[in-house]
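Comments concern the structure below.
What follows is calculated from the coordinates using simple rules that are stated; it is not laboratory data. As the structure is a computational prediction, the values presented were derived from the model and not from experiment. Cβ placement follows ideal geometry from the backbone for every residue including glycine, while neighbour counts extend to all protein chains displayed.
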Ligand code: SER
């Protein structure tokens with residue numbers, strides 16, 4: 001059965017049981033700044049689980065687009081996905097355990113025609129917070145699941161909460177037996193050998209957890225979630241989601257285009273491409289913070305694996321088309337936004353390629369240096385430097401080294417990495433601000449001017465402007481920033497005027513220390529969030545600018561004199577460069 005048929009059957013089945021079909025919320029939560037993406041169907045419904053009246057009633061059903069990035073590095077194995085679709089049905093203080101279980105069983109066995117023998121279920125075993133779920137147990141027996149296929153587990157397996165606080169409760173989970181042999185006598189649904197695959201989770205949400213422990217909610221809710229891709233995989237008798245119709249065309253195309261065979265890389269490309277498209281479609285754009293940074297990571301990892309497969313990157317538009325074509329039945333919006341999605345992905349790919357090219361040039365130098373000194377191993381510091389300065393991942397260095405019969409010394413890499421993360425704020429921030437090696441009075445002035453320029457560009461050109469680099473000498477400042485087009489004379493003039501207005505109004509420069517997360521949340525600007533230590537310094541200039549930075553800066557903008565833009569030019573794809581002076 002195709003994914004679209006499973007989705008339609010699901011929504012229609014629950015509609016026939018009195019549920020209103022509600023639309024999927026966008027991946028990017030509308031009213032919840034605490035999470036980056038919707039990670040579960042219940043997330044947009046939290047206010048209603050807590051008691052607010054839902055305009056569509058007390059029985060709801062939908063499909064929800066979800067992104068979970070905690071195990072991004074696992075993608076490439078045979079099951080992890082960063083994007084997935086969750087089918088769900090909810091009772092908001094309406095039906096509870098028995099009816100919910102009866103409906104799930106009917107849907108699985110009648111609509112999807114899964115034989116009873118294939119199903120095992122788990123229920124909550126009970127503890128000091130909540131008693132054993134005998135109601136669920138009896139309900140399963142009543143619909144025909146024999147005792148020996150009903151298991152009890154504790155909070156680790158059979159309790160559900162999104163994060164640390166919120167509505168929660170015991171759950172009952174349904175498992176599909178793939179028919180593989182048991183891995184041991186003890187093999188049961190909580191084992192992840194692959195015999196049992198979890199297909200559906202019904203949470204009986206009657207509790208609320210906060211710092212003080214558990215309390216009862218004012219109503220008893222049911223929250224269920226069924227993973228669409230996984231169900232399609234099982235019903236189609238496939239071993240991995242990458243073999244179902246949502247992925248197989250793109251997987252086949254990659255296999256056709258590749259020069260080096262690597263199934264993990266093909267999966268990573270197919271998976272990250274889909275997640276990225278869904279995020280872009282819901283308004284996400286690559287950047288260096290929050291969800292933008294996750295999108296950037298997905299797209300860069302995808303590009304790296306396309307390289308690993310030695311696929312010609314000019315084929316990317318065709319790969320995107322194939323992926324959209326296999327997804328458009330489920331998500332017609334991908335088809336309507338096809339060109340925009342392509343543009344965002346290809347722009348980001350181009351930027352990354354540029355980084356990689358710079359890294360490769362530096363790598364050649366390192367390789368030659370190593371050979372010239374009669375060694376056959378590139379030392380840890382060089383490997384690390386390639387990562388730190390050029391964003392060149394160590395696997396890539398290793399791969400290139402191999403081609404030149406060189407080895408890489410990774411023995412100390414972890415230590416260097418950690419040291420780098422822990423490095424004093426001043427040191428690391430200065431390094432990455434660039435060009436501040438000698439910080440005389442004039443350099444300090446230029447440094448403050450880069451912050452003002454960054455802020456002014458955001459006002460004049462838009463919020464998409466972010467710093468991409470800077471370099472300061474005693475004679476001038478250079479500032480690179482994201483912007484897709486040449487600045488007009490008017491834009492340049494306005495920017496210059498705004499900076500000078502701020503300078504003249506004598507704004508105080510203040511500094512604060514705070515946890516990195518708080519800094520990001522407060523909207524402080526920064527380049528590479530992962531490069532900062534956990535506690536950061538944030539420099540503010542009056543109300544106009546706020547940036548993570550190690551300083552140093554002037555105390556008041558009056559000290560800067562007059563700011564003048566000398567030149568505006570392209571730096572790389574989507575990145576412009578301004579050279580300016582203080583006079
Ligand atoms: N909230 C539960 C889950 O995400 C059931 O929908 O598994």
Principal axis dimensions, largest first and in whole angstrom, of region 174-287 by Cα: 58, 48, 24
Nearest 10 degrees, 0 to 90: helix 248-257 Cα axis against the chain principal axis: 40 degrees
Pairwise Cα inverse-distance average, inverted: Kirkwood Rh of region 308-390 (Å): 15.7 Å
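Which shape class applies to region 250-376: rounded if a/c is under 1.5, otherwise prolate when a/b exceeds b/c and oblate if not, where a ≥ b ≥ c are the square roots of the Cα gyration tensor eigenvalues? All intermediate terms of the calculation are to be shown ahead of the outcome.
Details: a/c = 2.85, a/b = 1.76, b/c = 1.62.
Prolate, because a/c is 1.5 or more and a/b exceeds b/c.
Relative contact order for region 366-420: what percent, with Cα pairs under 8 Å and sequence separation of 6 or more?
Numbers: 52 pairs, mean separation 22.1, N = 55.
In percent, rounded to a whole number, it is 40.
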Degrees between helix 489-504 axis and first principal axis of the chain (Cα, 0 to 90, nearest 10): 80 degrees
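Could you compute the FRET efficiency for residue 165 and residue 412, with r as their C-beta to C-beta distance and R0 at 41 Å, rounded to 0.05?
Details: r = 41 Å, r/R0 = 0.99.
That pair, residue 165 with residue 412, gives E of 0.50.
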Space enclosed by the convex hull of the alpha-carbon atoms of region 194-256, per residue, Å³: 149 Å³
Using a Förster distance of 41 Å, the FRET efficiency for residue 329-residue 148 (Cβ separation, nearest 0.05): 0.55
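At a 10 Å Cβ-Cβ cut-off, how would you order 152, 107, fewest neighbours first? Before the final figure, lay out each step's value.
Details: 152 16, 107 20.
Result, fewest neighbours first: 152, 107.
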Rounded FRET efficiency, nearest 0.05, which uses the C-beta distance separating residue 375 from residue 573 and R0 of 51 Å: 0.90
Region 1-144 shape via C-alpha gyration tensor axes, a/c threshold 1.5: rounded
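Is the shape of region 86-180 rounded, prolate or oblate, going by the alpha carbon gyration tensor and its root eigenvalues a ≥ b ≥ c, with a/c under 1.5 for rounded and a/b larger than b/c for prolate?
Numbers: a/c = 1.64, a/b = 1.38, b/c = 1.19.
Prolate, since a/c reaches 1.5 and a/b exceeds b/c.
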Residues 541, 28, sorted so that the one with the fewest Cβ neighbours within 10 Å comes first: 28, 541
Length added when fully stretched, residue 490-residue 9, from 0.36 nm per residue minus Cα-Cα: 167.4 nm
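Would you mind getting the Kirkwood hydrodynamic radius of the chain from its Cα pairs, rounded to one decimal in Å? Display every interim value, and only then the final one.
Details: mean 1/r = 0.0371 Å⁻¹.
Computed over Cα pairs of the chain, the Kirkwood hydrodynamic radius comes out at 26.9 Å.
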Degrees, to the nearest 10: 338-372 long Cα axis against longest axis of the chain: 60 degrees
Residues 526, 130 arranged by fewest to most Cβ contacts within 10 Å: 130, 526
